[in-house]
Amino acid sequence: MSAMVLFSGAAVLAMALAAFGSAYAQGRTGAAAMDATWKKPEVSGKIRTTMMLALVFMEALTLFVFAIVFVLAGRVTNEIGVFAAVAVVSMGLAATGSALAQGRTAAAALESSWREPEDSGDTRTSMMLGLVFMEALTLFVFAIVFVLAGSVDGSRVVFASAAVGAMALAAIGSAAGQGRTAAAAMQATWKQPAGAGNTRTSMMLALVFMEALTLFVFAIVFVLNGRATTLAGNLFGAAAVAAMAMAAVGSALSQGKAGAAAMEATWRQPEAAGDIRTSMMLALVFMEALTLFVFAIVFVLSGMVA
Amino acid sequence: MDLLRLAVSGGGEGAGKSDVFFRLPGLGLEVTSIVTTTWAIMAIVLVLCWLGTRNLGRVPRTRGQALLELAVDGLRAFFAPIVGEENARRFLPLLGSLFIFILLANYSGLLPGAGHIRGLKAPTSNWGVTAGLAAVVFFSVQYSGIRKRGLRYFKHMVDPWYLSPLLLPLGVIEEFVRPFALSLRLVANIFGGEIVVLALLMAIPWFLPIVPLALELIFGGIQAFIFTFLTAIYLSTAVAEEH
């Protein structure tokens with residue numbers, strides 16, 4: 001009984017978190033759309049389409065939290081109550097992170113679509129691409145909650161709870177980095193409309209790097225899950241995923257900064273787009289390697305602990 | 001031992017279920033789904049190349065030759081701005097092979113049933129495979145550097161001689177860290193992506209898995225690109241004369 005109370009409380013909290021994040025992002029998007037509409041009334045149709053597409057993505061984030069609450073509600077027992085509670089709150093946090101980044105991206109895209117109305121199609125494509133990446137981050141958390149919910153029992157509840165929390169942290173970090181880069185890419189699209197394709201390619205590359213960071217945390221959780229049955233395995237696993245999440249957040253924030261700077265450099269000097277992309281990728285590779293080192297050391301040590 | 005088994009199996013399988021078809025006689029090497037998929041990819045590439053180069057002309061007469069020339073020219077034009085025209089030409093066989101194999105290997109994991117039916121599993125979701133590819137890169141880089149520049153290749157490790165006690169170990173470690181990170185980046189991306197798609201398929205099989213599947217299409221291409229891009233950079237720095 002008490003587990004159900006804990007879970008229900010956590011569930012409503014998670015829903016509120018997700019709704020807050022989605023609402024804030026939608027508010028930002030809506031405001032940017034209104035702004036764009038009075039500045040360029042003649043393209044109000046295009047602006048509305050862009051806005052609607054962005055709003056759907058943010059709405060879906062809250063729906064994912066709803067879905068996971070629904071999935072877990074039927075499985076809550078006293079043994080795994082803590083896990084279920086932490087899992088839904090983690091989903092809420094991840095959805096909030098994704099939504100805030102999406103809001104930032106969509107607002108920048110809408111500004112771009114009134115500043116360069118002829119290229120609003122290009123902007124919309126880039127925006128959609130960015131939003132899909134950020135949406136997927138929450139889906140990664142969704143997937144790991146689902147995987148862990150299938151195997152969790154009393155013996156690994158500590159690890160499983162830490163793992164979903166770590167995934168949420170990593171997703172928030174990745175989303176923050178992606179939001180910064182994508183927003184800069186939207187700005188680059190109107191500052192240098194001729195280079196929109198180049199900017200989009202660079203943006204996509206940068207977003208893949210940041211997405212991979214959350215994917216690394218996902219992979220390590222999956223690997224450790226099979227071993228976290230003893231007390232030692234639980235404690236080590238919890239520490240390991242927390243370490244991975246911290247590393248991923250650091251890498252993602254730095255990559256976001258580097259990516260955004262690359263986008264700005266691309267519109268300031270469109271002829272150098274290829275050189276800038278090469279340098280950007282090298283920088284991103286170094287930052288990513290830092291998280292991969294944590295990955296490797298966790299992997300090696302996990303064999304000794306178990 | 002446990003670690004080794006996990007690394008070779010890609011981390012996914014439990015110890016109980018065996019994926020071994022047969023063992024290669026004499027060597028005792030296990031032939032698993034990953035090996036059979038690798039063979040299939042090799043066969044496809046070989047057959048395509050054989051078909052395309054059957055009757056070569058100065059001007060492409062067959063569709064196969066036109067297609068292959070398009071691929072080779074495209075790859076060379078792609079690497080030229082990154083590593084220079086000469087290096088792009090010299091290293092194209094290695095870079096092109098790596099790119100085509102990794103691309104097909106990544107995409108083989110998107111085929112229906114991949115990972116579930118015996119005999120079909122993305123080779124690059126296995127650390128053993130990507131480590132093997134990275135080992136090829138490691139030896140190619142060392143070989144090219146020493147062949148082009150002789151002992152001067154090691155100069156960057158001892159350059160201001162008074163710093164060499166610090167630079168030498170760092171330089172040696174870096175040479176090993178590069179292929180290590182190269183292999184881990186590829187496998188963690190493909191393996192992680194597979195598990196995400198699998199988990200979402202189990203959770204909500206309608207529409208939702210489209211998002212990670214679409215992302216996997218992008219990831220598969222970009223990871224193949226990043227692997228060869230970094231290989232090209234490592235090779236070109238190894239053969240670059242200092243100024």
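The values are calculated or read from the model by the stated rules, or taken from the named source; none is laboratory data. Note that this is a predicted model, so its numbers are computed, not measured. Please note: Cβ atoms are built from the backbone with ideal geometry, for glycine as well, and neighbour counts cover all protein chains shown.
Looking at (1) away from every other protein chain (no Cβ under 14 Å); (2) crowded, with 24+ Cβ neighbours inside 10 Å, which is the only condition A:A176 fails? Condition (2) is where A:A176 drops out.
Restricting B:L163, B:L200 to those that are without any contact (Cβ under 8 Å) to a residue 60 or more places away in the chain, within 7 Å of another protein chain (Cβ to nearest Cβ) and assigned to a helix (DSSP H, G or I) reduces the list to B:L200. Mind listing whichever residues of the range A:114-141 are among the charged types (D, E, K, R), more than 10 Å from chain B (Cβ to nearest Cβ) and assigned to a helix (DSSP H, G or I)? Matches in the range A:114-141: A:R115, A:E118, A:D119, A:D122, A:R124. Return a yes/no flag: does the range A:79-90 have any residue that is of a type outside the set (S, T, N, Q), exposed (fewer than 15 other Cβ atoms within 10 Å of the Cβ) and within 23 Å of A:V157 (Cα to Cα). Looking for residues that are of a type outside the set (S, T, N, Q), exposed (fewer than 15 other Cβ atoms within 10 Å of the Cβ) and within 23 Å of A:V157 (Cα to Cα), one finds at least one in the range A:79-90, hence yes. Filtered by the rule that a residue be among the β-branched types (V, I, T) and either within 7 Å of chain A (Cβ to nearest Cβ) or surrounded by fewer than 19 Cβ atoms within 10 Å (Cβ to Cβ) (or both), the range B:187-196 gives B:I195, B:V196. Restricting B:L110, B:L94 to those that are among the hydrophobic types (A, V, I, L, M, F, W, C) and assigned to a loop (DSSP other than H, G, I, E, B) reduces the list to B:L110.
Yes/no matrix, rows are residues, columns are (1) within 30 Å of B:G192 (Cα to Cα); (2) part of a helix (DSSP H, G or I); (3) not β-branched (V, I, T):
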{"site": "B:G132", "(1), (2), (3)": "yes, yes, yes"}
{"site": "B:V136", "(1), (2), (3)": "yes, yes, no"}
{"site": "B:Y143", "(1), (2), (3)": "no, yes, yes"}
{"site": "B:R149", "(1), (2), (3)": "no, yes, yes"}
{"site": "B:F154", "(1), (2), (3)": "no, yes, yes"}
{"site": "B:L168", "(1), (2), (3)": "no, yes, yes"}
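Just so you know, in the range B:116-135 the residues that are of a type in the set (A, V, I, L, M, F, W, C) and either closer than 16 Å to B:L103 by Cα or in contact (Cβ under 8 Å) with a residue 24 or more places away in the chain (or both) include one that is surrounded by the fewest Cβ atoms within 10 Å (Cβ to Cβ), and it is B:A135. If you go through the range B:207-237 and keep only what is more than 10 Å from chain A (Cβ to nearest Cβ) and within 12 Å of the chain's Cα centre (by Cα), you end up with B:G220, B:A224, B:F227, B:T228, B:T231.
Please indicate, with yes or no, whether at least one residue in the range B:166-182 is closer than 22 Å to B:S108 by Cβ, buried (at least 16 other Cβ atoms within 10 Å of the Cβ) and either within 10 Å of chain A (Cβ to nearest Cβ) or in contact with a Cys (Cβ under 7 Å, 6 or more places away or on another chain) (or both). So far as the range B:166-182 goes, yes, one or more of its residues are closer than 22 Å to B:S108 by Cβ, buried (at least 16 other Cβ atoms within 10 Å of the Cβ) and either within 10 Å of chain A (Cβ to nearest Cβ) or in contact with a Cys (Cβ under 7 Å, 6 or more places away or on another chain) (or both). In the range B:203-243, the qualifying residues are those that are free of Cβ contacts under 8 Å to residues at least 24 places away in the same chain and in contact with a helix residue (DSSP H, G or I) (Cβ under 6 Å, 6 or more places away or on another chain), and the one that is surrounded by the most Cβ atoms within 10 Å (Cβ to Cβ) is B:P212. Only residues that are more than 30 Å from B:L235 (Cα to Cα) and either at pLDDT 85 or above or hydroxyl-bearing (S, T, Y) (or both) were counted across the range B:153-195, and they come to 1.
Could you go through the range A:17-29 and let me know if any residue there is in a helix (DSSP H, G or I) and within 16 Å of A:T123 (Cβ to Cβ). Looking through the range A:17-29, at least one residue is in a helix (DSSP H, G or I) and within 16 Å of A:T123 (Cβ to Cβ).
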